[in-house]
Amino acid sequence: MTTPAIAESLEQSRRRFLTTAAMGIAAAGAASLFPVRPAPAATNDAIRPFRINIDESVLADMRARIKATRWPEKETVADDSQGVPLATMQELARYWATDYDWRKVEARLNALPQFITEIDGVDIHFIHVRSKHENALPLIVTHGWPGSIIEQLKIIDPLSNPTAHGAPASDAFHLVIPSMPGYGFSGKPTATGWDPQRIARAWVVLMKRLGYTKFVAQGGDWGSPVSNEMGKLAPPELLGIHVNLPGTVPPELLKAVQTGDPPPSGLADDERRAFDEFKVAFGKRRAYAAFMATRPQTLYGIADSPVGLAAWMIDHGDGWGQPAAPITSAIVGRTVNGHPAGDLTRDDVLDDITLYWVTNTAISSARLYWENKANLYLPANVSIPAAVSVFPGENYEAPRSWAERAYHKLIYYNRVAAGGHYAAWEQPTLFAQEVRAGFRPLRKSI
C-alpha cells in the first residue's frame, strides 16, 4: 500500500515536472527553453516544456517493495505453462532492486524536447523532435500496452536524422511521440470515453496545435487502432497512415474462430496461415486483455507491487509465445522459443515497467481496454492512403489480399524479414526502413 508520505512525494514530483514556457516560444516546439522562474499561468491550449525528475524517495520505495516481495512457491511444471517461472522473476527482481538504474533512461528522455498540453480536459505529454532537414514530413507515432514512449526511443534518430543512418535527407521526419491518456506522464482521465477514436481526435488537435498543416500517423499495438481511427476521421491535414498491426481479419473468419468452426474452403496458403495464427492468438493469448477489458479496477495488486506489475506486463498473452516472447528473451538473455529479443535489452524492459511504476499508471492504462468497444482485428475500413508492414513475429501475419480489402488505398505492403509485435523496440533499423518506405509515395504531397 502506498503511504501518505510516498503519495505526497509522487504528487510533488509530478508538480515539479512542469515548468511554463518563456514568452514567445513557438507552438511548434522548435525552442526548448526552461525558465528559472515560471511564467504566468498557461491557457488551456498552451504548450508547456516538461522535464522528468523522479524523487529518489519514490525509487527507494520501489526497491524496498521489490525486496519485500512475498514469493509464492515454485510452479509445478518445467515450463512457463503456468506463467512466468519463479526463478525468472526472482532473478529479475534481484537485478531490478540492486543494479538497475532508472536515472539513465530519465537522462535520455530529458535530452529530448518534451512538452505538455491540455486537450479535451486531459494533459497530454509528448516528445517533439524536429528534423534539421528541409521538407521533413511531420509524423505522429503512437505506442501501445504494455509499451510507452520508451518503445520509440531507438527510432527517433533514424527517422529524424536519416542521413546519419544511410538514408537520404528526403526521408526525414519531424517526430511527435505522445503518451496516451492514462499512460506515462500524460494525465489520467477522470471520466469515461477515452477510447481509440477519442485519442485519434486528440492527436489531430495536437498536430494542428503544433502548426502542422500536413502530417502522417503511425502505430502498432494500440497505436494501430488509433491510427486507423485517424484514417477514418480523414481530416484534410492527414496525408496517410502506416500500421504494423493492421486490422484485416474478414468477419466470417473471425466468426469461425469464435465459434470453433473450421476455416472456409478456398483460402490461399498465406490466408490459411494467418487464420491459424489468429486462432491461436484469440484462443490462448487474450486472457490479460479480457480481464482488463472487463475489470481493470480490480487489478490493485499491480499498483501495489512492482514485482506483480512486472509479471503481469511480461507475461501478457503467452510469455514464451507472441506477443511477449521477445520481452522474455531480453529478460533471460537468450532466445526463447525461437523469438529473439533483437535490439531489446533487459534494461529496456525495466525502463518501461519502471515508468509505469513511478507514474502509478498500471490501472489507468488498463482502462483503455475497458473503454474500447471495437474489435481491433476486423477490417479497418480506411479510405485514405495507408501503408502496412507485416513483421513475422506479429500476432498474425496479415496477407496482402486482406490488407487490400481493409485499406482501400493501400500504397505500400511489405513482409519484413525479422521482428515481432514490438517492432520499433525489437528491430528499430528495420522498423525505420519500413516507415520511410511506407510514406515515401506521399512525400510529393508536402
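The numbers here are math on the coordinates, done by the rules we state, and not lab data. The model shown is predicted, which means the values in this text are computed figures rather than measured ones. A quick note on method: Cβ atoms are made from the backbone with ideal geometry, for glycine too, and the neighbour counts reach across all protein chains shown.
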Legend entry - Exposed-loop-free span, longest in the chain, where GluC sites (Glu not before Pro) count as exposed if DSSP calls them loop and at most 10 other C-beta atoms lie within 10 Å: 135-446
Inset, instruction - Could you work out the Rg to Rh ratio of segment 358-424, with Rh taken as the Kirkwood radius (inverse of the mean 1/r over all Cα pairs)? - result: 1.07
Legend entry - Inter-part distance where segment 384-433 and segment 128-173 are each reduced to a Cα centre, Å: 17
Legend entry - Pairwise Cα inverse-distance average, inverted: Kirkwood Rh of segment 319-382 (Å): 13.9
Inset, instruction - Considering the options LEU112, VAL84, PHE275, tell which one lies farthest towards the positive end of the dipole of the chain, charges being +1 on Lys and Arg and -1 on Asp and Glu at the Cβ, about the Cα centre. - result: LEU112
Inset, instruction - Pull up all non-local amide H partners of HIS174: gap of 5 or more, or a different chain, and H-to-H distance under 5 Å with H placed in the peptide plane. - result: SER131, LEU137, LEU139
Inset, instruction - For segment 375-392, take each phi angle, set θ = phi - 60°, evaluate the Karplus expression 6.51 cos²θ - 1.76 cosθ + 1.60, and give the result in whole Hz per residue in order, putting x for glycine and proline. - result: 7, 6, 9, 5, x, 5, 6, 9, 9, 7, x, 9, 10, 10, 10, 10, 8, x
Inset, instruction - Give the residue from SER131, GLN197, VAL141 lying farthest towards the positive end of the charge dipole for segment 122-226; charges sit on Cβ (+1 for Lys and Arg, -1 for Asp and Glu) and the dipole is referred to the Cα centre. - result: GLN197
Inset, instruction - Restrict the search to segment 332-394; then list the trypsin sites (Lys or Arg not before Pro) that DSSP places in a loop and that have at most 12 other Cβ atoms within 10 Å of their Cβ. - result: ARG334, LYS373
Inset, instruction - Scan segment 41-91 for trypsin sites (Lys or Arg not before Pro) in coil per DSSP, keeping those whose Cβ has at most 12 other Cβ atoms within 10 Å, and list them by number. - result: ARG70, LYS74
Legend entry - Positive-end residue, the chain charge dipole about Cα centroid, Cβ charges, pick of ILE314, LEU368, PRO236: PRO236
Legend entry - Separation of the ARG63 and GLU237 label points, Cα + 7 Å toward Cβ, nm: 4.4
Legend entry - Check: segment 240-324 dipole with +1 on Lys, Arg Cβ and -1 on Asp, Glu Cβ, in debye: 220
Inset, instruction - Would you please report the Å³ per residue occupied by the convex hull of the alpha carbon atoms in the chain? - result: 145
Legend entry - Scattering curve values for segment 294-446, log₁₀ I(q)/I(0), Debye with Cα scatterers, q = 0.11, 0.13, 0.19 Å⁻¹: -0.55, -0.75, -1.22
Inset, instruction - For n ≥ 4 DSSP H runs only, could you compute -39500 (n - 2.57) per run for the chain, divide by its residues and tell me the 222 nm figure to the nearest 500? - result: -12000 deg cm²/dmol
Inset, instruction - Work out the length of the dipole vector of segment 191-274 about its Cα centre, built from +1 on the beta-carbon of each Lys and Arg and -1 on the beta-carbon of each Asp and Glu, and round it to the nearest 20 debye. - result: 500
Inset, instruction - Let me know the Rg and Dmax you get for segment 92-217 when you use only its Cα atoms, in Å. - result: 16.0, 49
Inset, instruction - Grab the other residues whose beta carbon is less than 15 angstrom from that of TRP194, score K and R as +1, D and E as -1, and report the net. - result: -1
Inset, instruction - State to the nearest 20 debye the size of the charge dipole of segment 302-408 about its Cα centre, where the only charges are +1 on K and R beta carbons and -1 on D and E beta carbons. - result: 300
Inset, instruction - At 7 Å along the Cα-to-beta-carbon direction for both LEU86 and ARG415, put a label point, then send me their distance in nm to one decimal. - result: 4.4
Legend entry - Calculated from backbone phi, Karplus (6.51, -1.76, 1.60) coupling profile of segment 414-431 in Hz, x at Gly/Pro: 8, 9, 8, 6, 8, x, x, 4, 9, 4, 5, 6, 6, 9, x, 5, 4, 4
